[in-house]
Amino acid sequence: IINAKFCNGLLSDEEEIELLRGASAVIASGERYPKNVLDSLPDLRVIARKGVGYDKVDVSVATSNRIVLTVTPNANHEAVSEQAMAFIFAVAKEITSRDKTVRSGQWIVDSLSPIRGSTLGIVGLGRIGRDLAVRAKAMKMNVLSTEPKPDIEFVKNNNISLVELDELVTEVDYLSLNCPLTEETRGIINMKIFNRMKSSSVLINTARGGLVVEKDLIEALETKIIRAAGLDVFELEPIDPGNPLLSMDNVVLSPHIAGTDIKSVEDMDSDAIMSVLELYQGRWPEDSIINNELKDGWQW
């Protein structure tokens, strides 16, 4: 078993292949697993991904090569939803800009935006989206969501309105992205969507940068089509030093750390290891496995 946390996407494909050569399982972090890498690792049986995103793994090739792909669905959803709420607070209460003005000797006391009574739209009502919805409700926010396979009981119990994306974006004060990046969701937030949003609305992205057409977001922020953004993820990571987002006062940024607080890191490590151990011992942790079609006949 190899723990790949040290490569974290910084190695070339050739270096990654050499690191993993002969390994039966890998505890995966942010590194890529494209076809050429997977085809070069005939001994690999399991990729245990820490976190819930797996867009850096070519799932179809992994499945063809009978490599089981697992994630840690119960480990970091609370950390991500906390970060999304932190962005909402930071924008509504202007935390970063007020800090700068006080430090510069200014004492600006004009009114801030209330969070209570505002409307949060959640794109994706999985574990993260549901956890965020509960926190938003506790803050007396109204919650709308778009979700193709909703937990109807949860939706009813928490008084959440389910609407299509085009309707959702017209009604919300905060739009939080909490869905996976797939071919269907890539670039779903674009200028067409921004033009439908209120000029006072805020985009929160703690999911994947590829969900948003970044050049459209930059234009929307520069021209005040939307008010602000809180971003943990970007099209290119680490972010390019020349990216206009870095110089915007109406943007709050963090370096793709939403899912990695101290507790969630420990939980992701232990859950990923447990998935490997269960598979090695002949058990099938179905809730953690992405390509469950391998179940019949799969062997270590």
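The values are calculated or read from the model by the stated rules, or taken from the named source; none is laboratory data. Since the model is a prediction, treat every value here as computed from it, not as a measurement. For neighbour counting, all protein chains shown are included, and Cβ atoms are generated from backbone atoms with ideal geometry for every residue, glycine included. Only protein heavy atoms, including side chains, enter the accessible area calculation; ligands, DNA and RNA are left aside. Shrake-Rupley method; radii C 1.70, N 1.55, O 1.52, S 1.80 Å.
For the chain, modelled as a GNM with alpha-carbon contacts under 10 angstrom, which of 125, 112, 11 fluctuates the most?
Sorting by GNM fluctuation, first place goes to 112.
Evaluate the charge dipole of the range 204-300 about its Cα centre and quote only its size in Debye, nearest 20, assuming +1 on the Cβ of each Lys and Arg and -1 on the Cβ of each Asp and Glu.
In debye, rounded to 20, the range 204-300 gives about 180.
Using a 1.4 angstrom probe on heavy atoms only, work out the carbon and sulfur share of the accessible area of the range 213-279 in %.
Its accessible area is 61 percent carbon and sulfur atoms.
What does DSSP give for the chain in terms of the percent of beta bridges that are antiparallel, rounded to the nearest 5?
That works out to approximately 5 percent antiparallel.
Have a look at 270, 247, 104 and tell me which one the Gaussian network model of the chain (Cα, springs below 10 Å) gives the largest fluctuation.
Between 270, 247, 104, it is 104 that shows the largest mean-square fluctuation.
Per residue of the range 40-48, what does 6.51 cos²θ - 1.76 cosθ + 1.60 with θ = phi - 60° give for ³J(HN,Hα)? Whole Hz please, x for Gly and Pro, Karplus curve as stated.
Here the 3J(HN,Hα) series is 8, 10, x, 8, 6, 10, 9, 10, 9 Hz.
Can you pull the three principal axis extents for the Cα set of the range 88-180, in Å, largest first?
Principal axes ranked by extent give 51, 23, 23 Å for the Cα atoms.
Decide, for the range 147-277, between rounded, prolate and oblate: order the square roots of the alpha carbon gyration tensor eigenvalues as a ≥ b ≥ c, take rounded if a/c falls under 1.5, and otherwise choose prolate if a/b is larger than b/c, else oblate.
oblate
Using only protein heavy atoms and a 1.4 Å probe, report how much of residue 95 is accessible, in Å² to the nearest 10.
It works out to around 90 Å².
Going toward the positive end of the dipole of the chain, with +1 on Lys and Arg Cβ and -1 on Asp and Glu Cβ, which of 284, 185, 144 do you reach last?
144
Quick one: dipole size for the range 134-187, taken about the Cα centre, charges +1 on Lys/Arg Cβ and -1 on Asp/Glu Cβ, in debye to the nearest 20.
For this selection, approximately 380 debye.
So if a site counts as exposed when it's one of the trypsin sites (Lys or Arg not before Pro), its DSSP state isn't H, G, I, E or B, and it has at most 14 other Cβ atoms within 10 Å, what's the longest stretch of the chain without one?
With trypsin sites (Lys or Arg not before Pro) excluded where exposed in loops, the chain gives 225-282 as its longest stretch.
Taking a quarter of the surface of the Cα convex hull of the range 32-151, what do you get in nm²? Please list the in-between numbers first.
Values: hull surface 44.4 nm².
Convex hull of Cα atoms, orientation-averaged projection: 11.1 nm².
Hey, what's the chain come to in accessible area per residue, 1.4 Å probe, Å²?
For the chain, the solvent-accessible area averages 50 Å² per residue.
Going by the alpha-carbon gyration tensor, a ≥ b ≥ c the square roots of its eigenvalues, is the chain rounded (a/c under 1.5) or, if a/c is not under 1.5, prolate (a/b greater than b/c) versus oblate?
Numbers: a/c = 2.11, a/b = 1.69, b/c = 1.25.
Prolate.
Dipole of the chain, Cα-centred, from +1 at each Lys and Arg C-beta and -1 at each Asp and Glu C-beta, to the nearest 20 debye?
Charge dipole of the chain: 840 debye, to the nearest 20.
Taking one equal scatterer on every alpha-carbon of the range 218-294, how large is log10 of I(q)/I(0) by Debye at q = 0.14, 0.16, 0.26 1/Å?
With no solvent term, the Cα-only Debye profile gives -0.68, -0.75, -1.19.
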